[in-house]
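The values are calculated or read from the model by the stated rules, or taken from the named source; none is laboratory data. Keep in mind that this is a model prediction, so the values were computed, not measured. Note: ideal-geometry Cβ built from the backbone for every residue, glycine included; neighbour counts use all protein chains shown. For accessibility, only protein heavy atoms count, side chains too; no ligands or nucleic acids. Shrake-Rupley method; radii C 1.70, N 1.55, O 1.52, S 1.80 Å.
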Amino acid sequence: MSDLIAWGFLLYLASAFLSTLFSMSWRTSLYGEHENFVGLITVSAYVALFFGTRAFCKKPEECKTILIAAVLATAVLSLYGTVQSIGKDPFTWKRTADIGSSVTRIFGTMGHPNHLGAFLVMGLPILSFFRIEAWEKRFWPVFLILPVIEALASALVVFSYSRGAWAAMIGMAILTVILLAMTTSKKGIILCVLFPWIVGAGFGATTFSTVIMETSAPLPASVSESSDSELPVSAGPVDPDPIPPSTGAAPPLWERVKQMGPSALIHGTRWPIWTAAVNMFLDHPVLGVGLDCFRLAFEQYRPKNYWLLEWGGTPTHAHNEFLHLLATQGGIGALAALIMTAGIGITFIRLIKRKEINRSFAIAVFSGIVVFYIQNLFSFTVIGTGTLFVTFAAILSRLGESVPLRETRSNGPDAVPRL
């Protein structure tokens, strides 16, 4: 097997096993930290999903069929998020992520707004691909529905107030434009792809950002006054950089945008968490402190400035997937991630060079993967985004396996079927 993506997943599983075996708490590494649950069992499930998806997608058409589930999930997420955003949520939620005392960030069905934004941005290029295909096949109901879902999803990305999702969406849009410009002679398709995203993002910035969502019950003072008030609906790691209550000088959306600068990053809580993660790796360079043991080890590395910012708060994750990987799985885990990433890049380059492959589909899948990487520079993986990434990686791996290294004629016996 010459597929670097598959080898990367296998090495990642081996790293997780060794990290669990020599962990500072093997039980925690096996089952996962109680507010994170990314232990060896979860990692094994990811790897099983990768090879299961890879085995299922024996034909190019099957690769597209399996992503219909992602389209439906994005649609449900967008519709429910829209209901929340207009204050019509039939449920009353506690432990929500609030901005000041007036705005509750939309979380949809993902438990936290950051994860909502990440999933929606990952799904946008797939929705766009199916929309363009519906146009080509004259399947008008799908063609009319999908752009509405894309616009709603883009608006909700804005209203999630997730800076990582914002950065991922901008990066994904730029990447999509560049790749489409390189691979298609129909330049109008670029505007067609971007139009619902631009409309939705503009609507979210001008309309949704002024809406006060009233779906959460009042929090106890001991919780609402702490920066840890940005708790997910389901217990889990929190966003460590909340927005202070607005003084009326600027809307909450603009306050959030200003926090995307380097100064806010350095003086916020993420920087000391990242510093602690690096120190964990330096002390445990081979296998790390143990799979999902970041919170247990953090006490030994807690910077003084983090205590001043967060008081007794202890993060379960480094809020940077690569640094978290270095801290908990050491150099072997990082090597696995690098091999996996190299395999994704090499496979994609091979795919877009082949005329026999539907390059628009390859671009959509690759864009979703890039979104995952950008988002995880400032956040972390949860089951919703992790399973979608693994599915994308498996599809790219299977498509790449069907591309011969030598040149073939499209009508020859070794020709690759067009997706």
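Here are the numbers for this structure:
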{"item": "FRET efficiency, residue 190 to residue 254 (Cβ-Cβ, R0 30 Å, nearest 0.05)", "result": "0.55"}
{"item": "Principal semi-axes in Å for the stretch 275-391 [√(5λ), Cα gyration tensor, largest first]", "result": "34, 15, 10"}
{"item": "Carbon/sulfur fraction of accessible area - the stretch 267-376, other protein chains in place, 1.4 Å, %", "result": "69"}
{"item": "From phi via Karplus (6.51, -1.76, 1.60), per-residue ³J(HN,Hα) for the stretch 370-377 in Hz, x at Gly/Pro", "result": "4, 4, 4, 5, 5, 4, 7, 5"}
{"item": "Other-chain or far-sequence residues with amide H under 5 Å of residue 104's (modelled H)", "result": "99, 213"}
{"item": "Cα gyration tensor category, rounded, prolate or oblate, for the stretch 26-75 with a/c compared to 1.5", "result": "oblate"}
{"item": "For residue 93, distant residues with modelled amide H under 5 Å away", "result": "216, 217"}
{"item": "Spacing of the two label points (7 Å from each Cα toward its C-beta) at residue 346 and residue 72, in nm", "result": "3.6"}
{"item": "Charged-residue dipole, Cβ positions (Lys, Arg, Asp, Glu), the stretch 247-401 about Cα centre, Debye nearest 20", "result": "540"}
{"item": "Tensor-based shape of the stretch 317-365 (alpha-carbon gyration tensor, a/c under 1.5 rounded, otherwise prolate or oblate)", "result": "prolate"}
{"item": "Tensor-based shape of the stretch 1-102 (alpha-carbon gyration tensor, a/c under 1.5 rounded, otherwise prolate or oblate)", "result": "oblate"}
{"item": "Viscosity 1.306 mPa s, temperature 10 °C, Stokes-Einstein D of the stretch 143-196 from Kirkwood C-alpha radius, µm²/s", "result": "130"}
{"item": "Accessible area per residue, Å², the stretch 288-408 with all protein chains present, probe 1.4 Å", "result": "36"}
{"item": "Kirkwood Rh (inverse of mean 1/r, distinct Cα pairs), the stretch 91-185, angstrom", "result": "14.8"}
